[in-house]
Structure formats: C-alpha cells, structure tokens
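Here the structure is laid out as structure tokens; the discussion comes afterwards.
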Amino acid sequence: ANTTTKPSNSTTTTNKTTTNTTTPKTETKKEPETIVYDAELTDGYYTAGIDFPAGRYTVTAIVGTGNVSSSNMWDGGLNEMMGIDEDSNLYSQEFKNASLDEGVILEISGNLTIKIHSDKADATPLKKRVQPNTETIRLTNGYYYSGEDFPAGVYDVVAIEGTGNVSSDNLWDGGINEMMGIDDSSFSELYSKLFKNVDLPAGTELEISGGVTVDLVPSK
C-alpha cells in the first residue's frame, strides 16, 4: 500500500511593535517688533499709542522750564520739574527709562520743550485720534461752554495776541490752566504760545482772561 504523507503548512506570525519617537515641537515666542523713536514735544497732553509709540523712554528737557508728568506716575512713569536753568537746582534735565505704555498720557506744562527717545518703541502703527469737528474757533476774554459756544472735542489752544490766562473746570481731567500769550519782553518765558490736545467734553467751562486772544484748533 502506498502511503502519502502531506506536509503540514505551519505559518508563524510575528507581531511587530512600532515605537513613535517623534519629538514634540517647541514653540518659539515671537518678540514684538520695535523701532527707534525720537520726538520733540511742547506743552500739552500726549497719549502713548496715538501721539507717540508706547515704550520705555529717556526724557530730556531742551528749552525752557516746566513740569513733566504721566498718568502712571506711581507705576513706572514720572512727575518731574524739568528744564534748562543754570541759575538754580530746581529742575532736572534728564529722566531715564520712563515706562509709557499704550494709553498712558504724558503731560507737559510751563512753556517747556522736551525730547523723548526710545531704542525699542512699539512698532505698531499709531491709532488716529477720533475728532469729528474740524472748525477753528477764535475766543477772547470771557466764559465759554463746550457743546454750546463751540463744539465739544479735543483742541490745540494757540495764543494769537496779548497775554493772559486760559483755564477749564476739568483741569485735572485733560483740561488746562496756563498763562498764555505773545510777549516779546523779558517776561516772554512766562507765557505758552501753544498747548496741545486739551480735552473739552460737552459742558466744560472754559475761561479766558487778561487780554489774550486764542484759537481752538481741532487736534489731529
């Protein structure tokens, strides 16, 4: 008898283990873009992000004497009597590393011109000031009310002739109290010819006295 032996089919399966060795990506934080910024500023209010880029600044007095303060004076800002005066030690000529973040308001008063400088100011484009009114208003001695005698808004106050005082009842909230005028005598340094970005919202009382004539020019 013929005996046939069939070979047995034996299949061996090997399970392979796959190990994921992918290294997680590390996100690199992008540094904000900065620029070198310089500007000369006279009496008035200036807002970081609108009138100049936010940043850390060196403030230097270059003409006259007066006061420089910021709305964050207790949080990295400044409140200094500054100026060029060789006859006294009352005034600082330079203040370094003042932090003027976006929205901080810098106030200059007293017929003073300063220079601000930053090596790393914010490169974000400046915002435009919202200013619906475009008409220049000329005023002489008297009381005037914004929203009644002239449109409410933000104005540059410009002395045209004479000397006197210009004040508003919102002095501590963006208003003004300045000796202003055109004077070619030895007392000329007492008077400001220009005060920028004065906020005169509806209902604000503005007083002009002493014989000075001023223009209210809508701030840009």
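For region 150-159, putting each phi into the Karplus relation 6.51 cos²θ - 1.76 cosθ + 1.60 with θ = phi - 60° gives couplings of 7, x, 5, x, 10, 10, 8, 9, 10, 6 Hz, in residue order, rounded to whole numbers and with x for Gly and Pro.
Taking a point 7 Å from the Cα of Asp38 along the Cα-to-Cβ direction, the residues of region 109-144 with backbone N closer than 16 Å to it are 114-121. Beta bridges per DSSP, both residues in the chain: antiparallel share near 90 percent.
Of the GluC sites (Glu not before Pro) found in region 61-122, those in coil by DSSP whose Cβ has at most 15 other Cβ atoms within 10 Å are Glu86, Glu102. Counting only protein heavy atoms and using a 1.4 Å probe, the accessible area of Val63 comes to about 80 Å². Applying a DSSP loop filter and a limit of 14 other Cβ atoms within 10 Å to the trypsin sites (Lys or Arg not before Pro) in region 112-169 leaves Lys127, Lys128, Arg129.
Subtracting the Cα-Cα distance of Arg129 and Asp101 from 0.36 nm times their residue separation leaves 8.4 nm of extension gain.
Taking 7 Å steps out from each Cα toward its Cβ at Trp172 and Asp87 produces label points 3.3 nm apart.
Its relative contact order, with pairs defined as Cα atoms under 8 Å and 6+ residues apart, puts the chain at 23 percent.
For region 21-108, chymotrypsin sites (Phe, Trp or Tyr not before Pro) meeting the loop criterion (DSSP other than H, G, I, E, B) and having at most 10 other Cβ atoms within 10 Å: Trp74.
The values are calculated or read from the model by the stated rules, or taken from the named source; none is laboratory data. Since the model is a prediction, treat every value here as computed from it, not as a measurement. Positions of Cβ are backbone-derived with ideal geometry, glycine not excepted, and every protein chain shown enters the neighbour counts. Calculation scope for accessible area: heavy atoms of the full protein, side chains included, ligands and nucleic acids excluded. Shrake-Rupley method; radii C 1.70, N 1.55, O 1.52, S 1.80 Å.
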